[in-house]
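A short write-up of the structure that comes next.
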Amino acid sequence: MILKVARMGHPVLRQPAREVTGREIASGVLGQILADMFDTMDEYEGIGLAAPQVHVSLRLIVLEVPAGLRDPRDPAIPRTAMINPVVTPITDETMQNWEGCLSVPDLIGQVERPRKVHVAWTAPDGIAHQQEFEGFPAAAVQHEADHLDGVLYVERIGDMKTFQFTREFSRFHARTDGVPEGHEDEG
Ligand code: ZN
């Protein structure tokens, strides 16, 4: 089921989300909400979605990032649900990343983020996972995990001159800034 997406200004986006318990994972109650989050992400052509964006204040994110979206070397993130993700930067090297957000529609801005992160999470089947992400996929995971702490990418924009409407960005800047025209990459 496609869910309504909370937009910037809704308090649920500012509230730190609570951890999902082992009991909740074992009970299978997350199945429906995760299915609905994937449906909602697909409907709005996002590459990620965090539960607070659909008014559920739990530490849950879903992602599906195509390969090579920004850099041909970027691998894909297959359709993944992460419960209680813990993101740890593993390099001092940063990158500038163009970001949009389904909760801040039609806008885009440039955010500086660590280039490489380690992520530990629990899958819906209760299995613990850990993986390193680099480049755009690393930024996508960081963007979604920020939502669980009540943080929006907007307050991470270093140069507010980069904050602009997606349509104008596509018209005037996308080709020179290496982002495919009309590609919004929202989460
Ligand atoms: Zn977002």
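Data overview
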{"item": "Burial ranking of peptide ranges 79-90, 17-28 (average Cβ count within 10 Å, highest at the top)", "result": "79-90, 17-28"}
{"item": "Sites Arg79 and His55 - FRET efficiency at Förster radius 25 Å, r taken between beta-carbons, to 0.05", "result": "0.65"}
{"item": "Extension gain, Glu43 back to His10 (0.36 nm per residue minus Cα-Cα distance, nm)", "result": "9.8 nm"}
{"item": "Cα-centred dipole magnitude for segment 33-171, charges only on beta-carbon of K, R (+1) and D, E (-1), debye, nearest 20", "result": "220"}
{"item": "Listed residues Ile127, Gln110, Leu13: farthest to the positive end of the dipole of the chain (Cβ charges)", "result": "Leu13"}
{"item": "Helical contribution to [θ] at 222 nm, DSSP H n ≥ 4, -39,500 (n - 2.57), averaged over the chain, rounded to 500", "result": "-6500 deg cm²/dmol"}
{"item": "Length-normalised contact order of the chain in % [C-alpha pairs under 8 Å, at least 6 apart]", "result": "25"}
{"item": "Accessible area expressed per residue, the chain, with surrounding protein chains retained (probe 1.4 Å, Å²)", "result": "50"}
{"item": "Segment 35-187 - percent of accessible surface contributed by carbon and sulfur, probe 1.4 Å", "result": "48"}
{"item": "Principal semi-axes in Å for the chain [√(5λ), Cα gyration tensor, largest first]", "result": "26, 18, 15"}
{"item": "0 to 90° range, to nearest 10: angle between helix 30-43 axis and the chain longest Cα axis", "result": "20"}
{"item": "Pairwise centroid distance, computed over Cα atoms, of segment 12-32 with segment 67-98, Å", "result": "23"}
{"item": "Projected label distance in nm at Val151 and Ala123, using a 7 Å step from Cα toward the beta-carbon", "result": "2.8"}
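The values are calculated or read from the model by the stated rules, or taken from the named source; none is laboratory data. In this text, all values refer to a predicted model and were calculated from it rather than measured experimentally. Counting neighbours? That spans all protein chains shown, and the Cβs are built from the backbone with ideal geometry, glycine included. Protein only, heavy atoms only, side chains kept; ligands, DNA and RNA dropped before computing areas. Shrake-Rupley method; radii C 1.70, N 1.55, O 1.52, S 1.80 Å.
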